[in-house]
Amino acid sequence: MDTLTIISIIALAIGLVSSLVIIVDVTRYPQQMAIMNVVWPINGWFLGPIAIWTYFKWGRIKAKNIDREDNRGKEVQVFTSTSHCSAGCTLGDAVGVPFVALTGIAIAGSVLFAHYIVEFILAYIFGIIFQFFAIYPMNKKAGATSAIKEAVKADTLSLLAFEIGMFGWMAIVHFVLFTEPPKPSHVSYWFMMQIAMILGFLTSYPANRWLVKKGIKEAM
């Protein structure tokens, strides 16, 4: 077993355990915003112990006591909004990978381009769904159509920023790091995806900060 495979197994195991820890806790202490019961465990998969730490510090129900008006509180809102965005994108990307692998589709003769297109579409769909379930429960009187429109407005920029980081890393993996990129059937592929999600989180953070500051995206 080569070194990369060992590292990949360890990283994926840490991510899985982190998700399970959060799942157990949100089962006991459900979030006030129901969609966050899904968001935090998904973030556990790629942020690992960082997700556990931020969940118990900011995400758990007791974290509602944080002063949302001071700078620290505002940064918590941005972090949570970025986590929300990243979870929807991550789920869409994770669903897209096996779809491309099983269908064997290629775009312009490139499997990588197929991953880009399929995963972007699914990430966008899941991102809007996640955003909808953040907006609609707080303003049901406006109706579902209004909530969908607000979700599109709130999530489009942050999703594009996320995919820049993620797709950029995928290109580096495909064209620079490997002579033959790992396949989705190998653990190293999913380790590379973990890194891609982390980079997507980082590139979407400034976009989410701006969206929250301008009031375009609901602060969480």
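Do you know which residues across segment 76-107 are under 14 Å from the mean Cα position of the chain (by Cα), farther than 30 Å from Lys213 by Cβ and not hydrophobic (A, V, I, L, M, F, W, C)? Listed by number, the list holds a single entry, Gly96. Taking residues in segment 41-59 that are of a type in the set (D, E, K, R), and partners anywhere that are at pLDDT below 95 and part of a helix (DSSP H, G or I), the pairs with Cβ atoms closer than 7 Å and at least 6 places apart or on different chains are Lys57/Ala63.
For (1) touching a residue at least 24 places away in the same chain (Cβ under 8 Å); (2) surrounded by 19 or more Cβ atoms within 10 Å (Cβ to Cβ), each residue gets a yes or a no:
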| site | (1), (2) |
| --- | --- |
| Ile164 | yes, no |
| Trp169 | yes, yes |
| Thr179 | no, no |
| Pro184 | yes, no |
| Trp190 | yes, yes |
| Met193 | yes, yes |
| Tyr205 | yes, yes |
| Val212 | yes, yes |
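In segment 62-72, is there at least one residue being of a type in the set (S, T, N, Q) and modelled with pLDDT under 85? Yes, because at least one residue in segment 62-72 is of a type in the set (S, T, N, Q) and modelled with pLDDT under 85. Only a single criterion out of (1) among the acidic types (Asp, Glu); (2) within 20 Å of Trp190 (Cα to Cα); (3) at pLDDT 90 or above is not satisfied by Asp25, namely (2). Checking Glu163, Glu180 one by one, the residue that is under 28 Å from Ile10 (Cα atoms), assigned to a loop (DSSP other than H, G, I, E, B) and charged (D, E, K, R) is Glu180 and no other. Exactly one condition in (1) modelled with pLDDT of 90 or more; (2) open to solvent by 30 Å² or more (accessible area, probe 1.4 Å); (3) not aliphatic (A, V, I, L, M) is not met by Gly200; state its number. Failing condition for Gly200: (2). When only residues in segment 108-127 that are open to solvent by 20 Å² or more (accessible area, probe 1.4 Å) and in contact (Cβ under 8 Å) with a residue 40 or more places away in the chain count, which is farthest from the chain's Cα centre (by Cα)? Among those residues, the one meeting the criterion is Tyr116. Of the numbered criteria (1) open to solvent by less than 50 Å² (accessible area, probe 1.4 Å); (2) in contact (Cβ under 8 Å) with a residue 12 or more places away in the chain; (3) part of a helix (DSSP H, G or I), the one Val152 fails is (1).
Screening Lys140 on (1) of a type outside the set (Ser, Thr, Tyr); (2) open to solvent by 70 Å² or more (accessible area, probe 1.4 Å); (3) in contact (Cβ under 8 Å) with a residue 24 or more places away in the chain shows it passes everything except condition (3).
The values are calculated or read from the model by the stated rules, or taken from the named source; none is laboratory data. Note that the structure is a prediction, hence the values are computed from the model and not measured. Positions of Cβ are generated from backbone atoms using ideal geometry, with glycine treated the same way; all protein chains shown enter the neighbour counts. The accessibility values were calculated without ligands, DNA or RNA, using every heavy atom of the protein model including side chains. Shrake-Rupley method; radii C 1.70, N 1.55, O 1.52, S 1.80 Å.
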